[in-house]
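Coordinate-derived values only; no laboratory data. Nothing here was measured: the structure is a model prediction, and the numbers come from that model. A quick note on method: Cβ atoms are made from the backbone with ideal geometry, for glycine too, and the neighbour counts reach across all protein chains shown.
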Amino acid sequence: MSLMRIDNVSFGYGPGRRVLEDVSLEIAPGDTIGLVGESGSGKTTLLRLLLGLARPDSGRITFEGTPLDPRDRAFMRRFRRQAQVVFQDPYSSLDPRQKIFSIIAEPLRSLRVEGDHARLVGETLEAVGLDASAAGRYPHQFSGGQRQRIAIARAIVAGPRLLLADEAVSALDLTTRIRIVELLERLSRRMSLLFVSHDVGVVAALCRRIVILEKGRIAEAGETAAVLANPRHPYTQRLLASVPRLTTKEASS
Ligand SMILES: Nc1ncnc2c1ncn2[C@@H]1O[C@H](COP(=O)(O)OP(=O)(O)OP(=O)(O)O)[C@@H](O)[C@H]1O
């Protein structure tokens with residue numbers, strides 16, 4: 001069974017222009033999918049719908065076969081434990097007044113996860129490449145890349161099956177970006193990953209499948225290597241032509 005499905009979803013922020021039009025997408029357990037498109041193509045909007053933060057005007061979104069319904073609080077709490085998100089900006093996404101322990105443990109508290117939170121936070125910090133002692137410090141004591149590791153730790157601490165990443169490496173310098181992509185690659189071996197990006201190169205390095213969004217519609221989708229080797233849609237061809245050199249998985253490892 002698929003982990004998450006979007007069937008024929010359309011959405012607009014108000015009457016008038018549609019932001020997403022007849023979008024269908026299936027996320028299987030273990031999938032790594034790159035969602036690519038120019039600014040304004042609707043990537044973040046699709047992510048918001050997937051998280052249940054907005055509801056489609058038409059079509060259906062299901063998680064493990066159950067339709068997402070923000071009014072069903074018990075289901076949404078179970079769903080939030082299974083699907084977590086990392087945003088672009090590691091500076092604004094962490095509360096500067098809270099210690100790292102409190103930031104990472106927040107989903108454990110709000111999702112009422114049982115168990116030893118201190119142990120879980122320590123293990124998760126180590127899983128993202130930070131020392132467990134980081135728990136006692138504040139966000140300003142860390143670099144941008146380290147903050148993004150902290151944001152990733154908060155997203156994975158409750159053991160989600162799906163990680164959604166919205167431009168999660170775009171704000172980082174090149175070396176840090178490669179390290180965080182490597183971390184996401186490692187994590188993707190134990191959870192599904194939907195990686196939203198305008199950077200085809202990073203998607204080529206990280207994602208087995210690629211979905212290309214153009215003005216709210218899926219222009220092309222398939223195995224990343226096949227789509228990039230033989231782009232059929234003119235939009236994909238243009239997008240690829242604008243990428244001077246792709247960073248392939250081999251080249252970055
Ligand atoms: N809250 C909102 N209210 C009204 N329109 C919005 C809202 N959020 C986004 N839009 C519009 O919806 C369209 C899609 O925006 P969205 O942020 O989903 O695109 P995106 O592909 O993620 O872009 P970017 O790469 O720049 O983040 C844009 O035209 C945008 O102006």
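By the beta-carbon count within 10 Å of each Cβ, the least crowded to most crowded order of 79, 101, fewest first, is 101, 79. Rg and Dmax of the chain, based on Cα coordinates, read 18.1, 53 Å. Per residue, the convex hull around the alpha carbon atoms of the range 24-109 comes to 146 Å³. Remark on the range 168-247: Rg and Dmax equal 12.8, 35 Å (Cα only).
If you take the Cα centroid of the range 88-126 and the Cα centroid of the range 1-67, the two points sit 27 Å apart.
Counting beta carbons within 10 Å around each of 131, 72, 199 and listing the fewest first gives the order 131, 72, 199. For the pair residue 238 and residue 66, label points projected 7 Å from Cα toward Cβ lie 4.2 nm apart. In the elastic network of the chain, a GNM with C-alpha springs shorter than 10 Å, the most mobile of 143, 41, 188 is 143. Packing around the peptides 205-217, 172-184, 104-116, taken as the average count of other Cβ atoms within 10 Å per residue, puts them in this order, highest first: 205-217, 172-184, 104-116. From least to most packed, judged by other beta carbons within 10 angstrom and beginning with the fewest, 166, 89 follow the order 89, 166. Shown in residue order for the range 35-45 are the 3J(HN,Hα) couplings computed by the Karplus curve 6.51 cos²θ - 1.76 cosθ + 1.60 at θ = phi - 60°: 9, 10, x, 5, 3, x, 6, x, 5, 5, 4 Hz (x for Gly and Pro).
Could you calculate the FRET efficiency of residue 113 with residue 225 from 1/(1 + (r/R0)^6), where r is the beta carbon distance between them and R0 is 51 Å, rounded to 0.05? Efficiency at R0 = 51 Å is approximately 0.85.
Over the range 127-245, what is the relative contact order in whole percent, taking alpha-carbon pairs under 8 Å and six or more residues apart? Relative contact order of the range 127-245: 18 percent.
For the chain, the relative contact order is 25 percent, taking Cα pairs closer than 8 Å that sit 6 or more residues apart in sequence and dividing their mean separation by the residue count.
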